[in-house]
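The values are calculated or read from the model by the stated rules, or taken from the named source; none is laboratory data. These numbers come from a predicted model, not from an experiment. Cβ sites come from the backbone with ideal geometry, for glycine too, and all protein chains shown count toward neighbours.
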Ligand code: DGY
């Protein structure tokens, strides 16, 4: 008998056909109130789940006694209680690697946009306010040659370092759980403490995952160490930063600007003070959002789920302790 899979993210026809060849699929089109009710109704018979952007807590998962695998279409796994899943031997997989370069591109888009005031000045043109040559009041700041500080030197951190070092001649400094000699050699990068990084970097770029240890890592005390020329970039998770403290640092001129793809609460409230600051470039969590990469992530998730449902160990298993051969 085919296994039951609940999809809470739409797949391309090709991937849907691949999944349907092996499993009975229930698609929840949208995660609104109706969709959540459909999900709750489908969970009691589900063997596999595939989707993203939903906090799957014990309250929901207790409704799924037969659940064997969750394939998250994301690299971040902060929406899951990994200890709970491991205890229940539910295999959690994610989609690393395929989104690395695209997410690093997003980071660099924000670095360039914030430094050169691209959005703010493009809006001047769009609004018909370009009436004379730009002067110092509209000048931005250079990116090339400036010091790039990366916090979290995983795959995405490395891809950002690669762009900075080879593309823009930026000295790279970084902080991560431990020094990475291979990274240091490749990008001539220097490991440093967080306070040193805050004091030295012209661009502070967050690429680390949200965990119990990183939540609220950057607050008023850390912004106070940054300099008036610092540009703050976040492509990791909003909750790594105390948003109120960041807004204050941006308002007071403690830091120059920010490029933000992630926020404490998403979608960002339309009345967030961040949207009234000219020195903020805000994008709607588009880190991996290209046609090619989202399809590659979905394909990776389908592979992970089908492997798990076939009794194999998925390639991108997150909670290794949950797997029994
Ligand atoms: C990821 O894959 O974790 C991206 O941030 C999308 O959620």
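Side notes on the structure shown:
Listed here are the residues, each with its yes/no results for (1) assigned by TED's automatic domain parsing to the domain that holds residue 314; (2) within 30 Å of residue 298 (Cα to Cα).
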{"site": "75", "(1), (2)": "yes, yes"}
{"site": "91", "(1), (2)": "yes, yes"}
{"site": "104", "(1), (2)": "no, yes"}
{"site": "111", "(1), (2)": "no, yes"}
{"site": "115", "(1), (2)": "no, no"}
{"site": "118", "(1), (2)": "no, no"}
{"site": "124", "(1), (2)": "no, no"}
{"site": "131", "(1), (2)": "no, no"}
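- Residue match in segment 315-322 (condition: out of contact with any strand residue (DSSP E or B) (no Cβ under 7 Å at 6 or more places or on another chain), assigned by TED's automatic domain parsing to the domain that holds residue 52 and in a loop (DSSP other than H, G, I, E, B)): yes
- One residue stands out among those in segment 57-78 that are in a loop (DSSP other than H, G, I, E, B) and within 16 Å of the ligand (Cβ to nearest atom): the one that is nearest to residue 100 (Cα to Cα), which is 75.
- Entry remark, segment 79-96: residues being surrounded by fewer than 21 Cβ atoms within 10 Å (Cβ to Cβ), within 22 Å of the chain's Cα centre (by Cα) and away from the ligand (no atom under 11 Å from the Cβ) number 3 in total.
- Looking only at segment 122-146, residues that are in a loop (DSSP other than H, G, I, E, B) and more than 28 Å from residue 163 (Cβ to Cβ) come to 8 in all.
- Residues in segment 17-40 that are assigned to a helix (DSSP H, G or I) and free of Cβ contacts under 8 Å to residues at least 24 places away in the same chain: 17, 20, 21, 33, 34, 36, 37, 38, 40.
- Residue among 247, 255, 235, 231 that is under 17 Å from the mean Cα position of the chain (by Cα), in the same structural domain as residue 111 (by TED's automatic domain parsing) and either surrounded by 22 or more Cβ atoms within 10 Å (Cβ to Cβ) or over 22 Å from residue 85 (Cβ atoms) (or both): 235
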